[in-house]
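Data first, discussion second: the structure below is written as structure tokens.
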Amino acid sequence: MATPSQRMDPIPPRNRSPTPPRALFRSTTGKGVAFTDEDVTFLRRFMDYRKSQGRLDMVAFWKDVANKAPHHSRASWMKFWRRHKHEFSADETTEPPPPAPEKKMRYSREDDILLARYFASKPEGTSDKIFQIFGRMIVRQEMPEYLTQQQIDQFHQNG
């Protein structure tokens, strides 16, 4: 998908609201509908239209976007805008964003072994809670080579 500034040539002001996209595509994550170039074009045109009308109240704008193009929720439209708004105002003079940082290994092989041992003790709670407790053990370097149930219970209580 091209950046928002690459997707559209300048368009003349409109005297009517733009038509929302009609073709929908499933998201590659399997969660709902993907944002397409047509969505971005619609969003830019609708925003330009509202600016030309002199009424760009953002609260009303996002409600209207979601009503006009309900294949994305108001929250989804807003989240897309927050993530990409810098691209909407980009032009030829705008410097490209810095490259994405290299991915770093978060845990070592030894940490994986400790995690396996930790899970062998069948900790209870949500996955977030379990990993937070494990992370604190690693950071504090309080994780013994072999965990007894009493030690795990103690970490859960202090976590």
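Each residue of the stretch 69-84 is assigned a 3J(HN,Hα), and the resulting list reads 10, x, 6, 10, 6, 4, 5, 5, 4, 5, 5, 4, 4, 4, 6, 10 Hz, derived from the Karplus form 6.51 cos²θ - 1.76 cosθ + 1.60 (θ = phi - 60°), x at Gly and Pro.
For V33, the residues 5 or more places off, or on other chains, whose built amide H falls under 5 Å of its own are S27. Report note on the peptides 72-80, 38-46: ranked by the mean count of other C-beta atoms within 10 Å, highest first, their order is 38-46, 72-80.
Read-outs: derived from the displayed coordinates by stated rules, not from any lab. Since the structure is predicted, the reported quantities are computational estimates derived from the model, not experimental observations. A quick note on method: Cβ atoms are made from the backbone with ideal geometry, for glycine too, and the neighbour counts reach across all protein chains shown.
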